[in-house]
Structure formats: C-alpha cells, structure tokens
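Novice: Take a look at this one; I'll ask things after.
The values are calculated or read from the model by the stated rules, or taken from the named source; none is laboratory data. For clarity, every value in this text was computed on a predicted model and none was experimentally measured. Backbone-built Cβ (ideal geometry, glycine too); neighbour counts: all protein chains shown. We work out accessible area using only protein heavy atoms, side chains counted, and drop any ligands, DNA or RNA first. Shrake-Rupley method; radii C 1.70, N 1.55, O 1.52, S 1.80 Å.
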Amino acid sequence: MGILGRVTPFIAALAVLVASCGGRAAAPSTAPASTPAPASYELWVVDQAETTPTGGGTLYIYKGSDLKGPAPAPAYTVNLGEAALGVGDGIGKHGHSIAFNPAMTHAVISYVDSGHVQVVRASDRTVVASIKMTGSAAGPAAPHASAVTPAGDAIIVANQGGKRLQRITADFKNDVYKLDSSADLDLSLLEDADHPGNLPVIPVFTPDGRYVYVPMRGGGSYVIDYQATPMKTIASLGKPAIGPQSCCAAFVKDTIWTTAQGGATTTTTSFNLYQVTGLPDKPVAKKILSRTGSVESHSVILVGQYLWLADRFANTLDIVDQTGEARTMSLATGPLAGRDPAPDIMAASPDESLVFVALRGKTPVTSNIKGLDNAVGDVGGFAILTVKDGGREASVSSFVALPLAAGASVVDPHGLRVRLIK
C-alpha cells in the first residue's frame with residue numbers, strides 16, 4: 001500500500017460527536033458484562049442480466065450466517081422477470097441499484113434501462129409495486145438510483161434519462177405507492193455553462209434528513225429540498241468544482257465525500273475523490289485524490305473511521321485512514337489472485353467485520369465503455385473482504401461466483417446491499 005495523497009482528517013469530528021453526548025459515567029459493577037448477540041442480516045445481490053425477452057433479472061438473497069462458511073449459497077433466488085408479471089407497470093430491464101426503507105421491510109430496485117422502479121417486500125420476497133418513471137424531451141426515463149426518505153414516507157428517484165428528480169409517495173405498511181408528478185424537479189431547466197449535463201446520479205440524504213445531495217453526470221451537484229412540492233434546489237456546485245461522471249457519495253458527519261470518473265461516458269475514465277463541506281446552503285468542494293489512466297473511481301463507503309473506494313478498472317481498493325493518507329491495495333490477491341475482479345458496489349456487514357463487493361462479469365450490460373472494457377471482469381459475483389484494524393486494512397477472504405440464471409445469457413451483478421433483520 002502506498003500514499004496517494006493527503007486528506008483533511010475527519011476523525012476528530014467523529015470523536016467530538018461521541019464526546020458531546022453527555023451523561024454520567026455508570027458506577028462500577030461486579031456483575032459480568034453481557035455480550036450482545038450479533039445482528040442478523042441478509043445480503044441482497046441483483047444480477048442485471050435479462051431473464052425474459054423484455055428484461056427481468058435475478059435477485060439473490062444470502063443469509064449473513066452463511067456468508068462466513070466456505071461455500072455460501074443463496075437462501076432465496078427470485079426471477080425478477082417472473083415476479084413482476086402483472087404487477088403495476090410490469091417488468092423492468094437492468095436492475096442497477098438497491099435501497100431499503102429505514103424499517104428494512106422493503107427493498108427498492110431501480111432499473112436504469114427501462115425506467116422502472118420496483119418495490120420488493122422482504123418478508124416474502126414479492127414484487128408489490130412496479131412504477132415506470134416519466135421521460136421528457138431530454139430523453140427516456142432511466143432511474144440510476146433511488147433512496148427512501150428517512151421518514152419512510154417517500155422514494156426519491158434519480159431519473160437520469162429524463163433529467164428529473166422524482167418522488168414516489170410510499171406507504172410501506174399497506175403497500176401503496178404512487179408517483180407524485182407534482183413534485184418533479186426538471187433539472188434540464190437548470191442547465192448552463194457550469195451545469196452542462198444535469199442527469200441526476202444518486203440521491204443521498206443529509207445527516208439531519210432535511211435535504212438530499214444529488215451529483216450530476218455532466219458535472220457539479222445540487223442540494224435539494226425533497227419535501228417541497230415541486231422539489232426545489234437550495235444550493236449547487238458547478239462542473240469546475242466537481243468533474244463529470246460522479247457516481248457514489250457518502251456522508252461523514254456534515255461532510256460528503258463523492259467520486260467522479262471523469263471524461264465522457266463513451267471515451268475515457270479517471271479517478272477522482274472530492275470532499276464537500278458547507279452543506280446545505282454554502283457547499284465548497286475540494287479535490288482530494290486524482291489520477292488518470294486505466295482507472296475509474298466508483299463506489300465509496302465508510303468502514304469504521306475510514307473511507308473505502310473501489311476502482312473497478314484498476315482492480316484496487318483505496319483506504320483513506322485517520323492520519324490523512326490514502327492507501328491502495330489490489331483486490332486481485334488471495335483467492336482472486338490472477339483474476340480480473342472489476343470491483344463495483346460495496347456494502348458492510350452490520351458489525352463491519354466484513355465488506356461485500358460486487359464483481360462484474362465478462363459481459364457487463366451497463367456502464368462499460370466499448371474498447372476500454374472498464375467494467376469487464378471475469379468473476380461475475382461478489383467478494384468477501386475481511387476488515388482489519390478497525391477498517392484501516394483489509395484482505396480478500398473469499399469470493400462467490402454467481403451461476404448463469406435461468407433465462408439469462410450472461411452474468412452481471414451490480415446492485416448489492418445489506419439488509420439488517422430487525
């Protein structure tokens with residue numbers, strides 16, 4: 001691992017947050033301390049490959065207890081093409097991302113090619129809603145990612161193709177969902193020299209839950225009041241501040257860290273990490289890491305007190321530690337030595353002892369630049385990383401190759417998320 005750049009330390013802020021909680025120390029006790037039982041969880045993985053002539057896909061659900069074994073197998077397998085038949089607007093194509101509601105009773109899958117957003121009830125793994133988002137003069141509907149509001153009463157959808165941020169009202173208890181067109185924010189109307197391509201990538205809620213941070217595919221980002229009708233912008237950053245092809249983002253207290261792959265979607269890639277402070281109304285962006293070549297910054301998550309960034313082109317993991325150093329490790333090591341993992345979306349187990357990483361297949365159906373093969377891998381499954389030293393280090397402990405699903409011709413996992421069983 002080597003130093004790639006210096007990062008403004010953010011761990012002190014976390015320490016202050018813990019110290020400010022107040023309260024008095026408990027009196028010494030001679031009673032033996034009880035050890036809480038580990039949280040039960042599931043890993044949900046979506047294979048984007050079509051399982052029907054019009055789309056579909058496959059949802060694999062693994063029990064957390066099985067993922068520590070030598071050969072984990074899915075506890076449940078759902079053909080998303082069959083499951084969506086006769087439900088709302090029907091079958092979606094290329095399920096690209098997964099999100100859960102705060103109660104963890106339902107999953108939301110966004111289909112980037114067909115325009116669908118589907119809701120899956122976790123208790124019986126049933127598709128209970130399928131809503132096709134609306135396109136516009138800018139293009140057909142293409143929801144890249146969605147997120148459920150902290151209150152659990154709506155789904156915010158980043159509709160890339162339609163250049164819209166949209167809102168679906170959600171009653172998860174009674175399984176009632178409806179697209180609220182009056183809430184639409186038409187981002188194409190906000191395009192200018194600093195915002196040349198307002199295709200929303202992903203909605204990320206601010207820590208207080210009041211606003212949503214949305215990076216743009218063409219560069220820049222917006223802070224948006226998602227509760228307003230219609231939704232409205234509070235502040236923005238332009239392309240000079242945050243480059244194009246922004247993808248994933250994660251909050252550390254009041255600071256958001258976001259990646260940008262750079263270049264045009266059909267020509268080049270690069271690796272960039274930005275730190276955005278001053279939210280919500282006075283955002284300021286600072287480029288922390290940057291490199292070019294056969295690299296592509298993608299997923300970013302917080303593990304313990306460290307940021308982890310996956311580079312699916314270079315097959316590496318960057319770890320930003322508490323001293324402000326960015327460290328790089330190869331994921332083509334251990335059980336993946338000699339392989340082309342193409343790491344993508346990441347998620348951590350509830351106790352943060354393991355991190356799961358989607359590994360792209362030989363024929364990726366989304367995100368790949370022909371001729372560069374930035375998203376091409378040779379595993380088509382997910383890796384299981386063991387977290388060490390509180391997140392400062394990691395090792396590849398094993399990987400799971402997904403089977404060729406019924407009705408599919410390729411294997412291409414992308415969306416991956418951990419569901420805590422409450």
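Novice: Give the residue from GLY262, PRO413, TYR76 lying farthest towards the positive end of the charge dipole for the chain; charges sit on Cβ (+1 for Lys and Arg, -1 for Asp and Glu) and the dipole is referred to the Cα centre.
Specialist: The residue sitting most towards the positive pole is GLY262.
Novice: Based on the Cβ-Cβ distance of ALA73 and THR366, what FRET efficiency does E = 1/(1 + (r/R0)^6) give at R0 = 25 Å, to the nearest 0.05?
Specialist: Values: r = 26 Å, r/R0 = 1.04.
According to the calculation, E is roughly 0.45.
Novice: Straight-line reach only, C-alpha to C-alpha below 20 angstrom: list the aspartates and glutamates that LYS287 could link to, leaving out same-chain residues fewer than 8 apart.
Specialist: Counting by Cα, and skipping residues close in sequence, LYS287 has these aspartates and glutamates nearby: ASP194, ASP254, GLU296, ASP311, ASP318, ASP321, GLU325.
Novice: Run the accessible area of segment 259-321 with a 1.4 Å probe and give the carbon-and-sulfur part as a rounded percent. Present the calculation step by step, with values, prior to reporting the outcome.
Specialist: Details: 1010 of 1990 Å².
Exposed carbon and sulfur together represent 51 percent of the surface.
Novice: Got a number for carbon plus sulfur as a percent of segment 150-209's accessible area, 1.4 Å probe? Please list the in-between numbers first.
Specialist: Working: 1260 of 2460 Å².
Answer for segment 150-209: carbon and sulfur cover 51 percent of the accessible area.
Novice: Report the residue, chosen from PRO341, PRO350, PRO53, that carries the largest GNM mean-square fluctuation when the chain is represented by alpha-carbon nodes joined by springs under 10 Å.
Specialist: Result: PRO53 has the largest fluctuation of those listed.
Novice: Right, here's the next one. Could you sort the peptides 191-202, 361-372 by per-residue average Cβ neighbour count (10 Å cutoff), highest mean leading?
Specialist: On the way: 191-202: 18.9, 361-372: 17.2.
Descending packing order for the listed peptides: 191-202, 361-372.
Novice: Under the 0.36 nm per residue contour assumption, what length would be gained going from the current alpha-carbon distance of GLU325 and THR292 to full extension? Could you put the intermediate results ahead of the total?
Specialist: Details: separation 33, 0.36 × 33 = 11.88 nm, distance 1.89 nm.
Result for the pair: 10.0 nm of gain on full extension.
Novice: For segment 350-411, what mean projected area does the convex hull of the alpha carbons give, in nm²?
Specialist: Working: hull surface 22.6 nm².
One quarter of the hull surface, i.e. the mean projection, equals 5.7 nm².
Novice: For the chain, I need the span (max minus min coordinate) of the C-alpha atoms along each principal axis, in Å, sorted largest to smallest.
Specialist: Reported extents, whole Å, longest axis first: 63, 48, 48.
Novice: For a distance above 28 Å, tell me the whole-number percent of Cα pairs in segment 85-243 that qualify. Could the numbers behind the result be given before it?
Specialist: Values: 1875 of 12561 pairs.
Taking all Cα-Cα pairs of segment 85-243, the fraction more than 28 Å apart is 15 percent.
Novice: Along the charge dipole of the chain, which of PRO150, SER353, ILE131 sits closest to the positive end, that is, farthest toward it, with unit charges on the beta carbon of Lys, Arg, Asp and Glu (+1, +1, -1, -1)?
Specialist: Going by the Cα projections, it comes out as SER353.
Novice: Using a 10 Å cut-off on Cβ atoms, rank the peptides 232-238, 282-288 from the highest mean neighbour count down.
Specialist: Numbers: 232-238: 17.3, 282-288: 15.6.
Those peptides, ordered most packed to least, come out 232-238, 282-288.
Novice: Here is a follow-up. Excluding ligands, DNA and RNA, what is the solvent-accessible area per residue of segment 67-218 at a probe of 1.4 Å, expressed in Å²? Don't skip to the end; give the middle numbers.
Specialist: Numbers: 5620 Å² over 152 residues.
Per residue, segment 67-218 has 37 Å² of solvent-accessible surface.
Novice: Rolling a 1.4 Å sphere over the protein heavy atoms, what is the accessible area per residue of segment 336-422, to the nearest Å²? Provide the component values of the computation, followed by the final result.
Specialist: Details: 3290 Å² over 87 residues.
Per-residue value: 38 Å².
Novice: Next up: Quote the charge dipole size of segment 152-309 about the Cα centre in Debye, to the nearest 20; the model charges only the Cβ of Lys and Arg (+1) and of Asp and Glu (-1). Write down the numbers at each step before the final one.
Specialist: Details: 14 positive and 14 negative charges, 81 e Å.
In total the dipole reaches around 380 debye.
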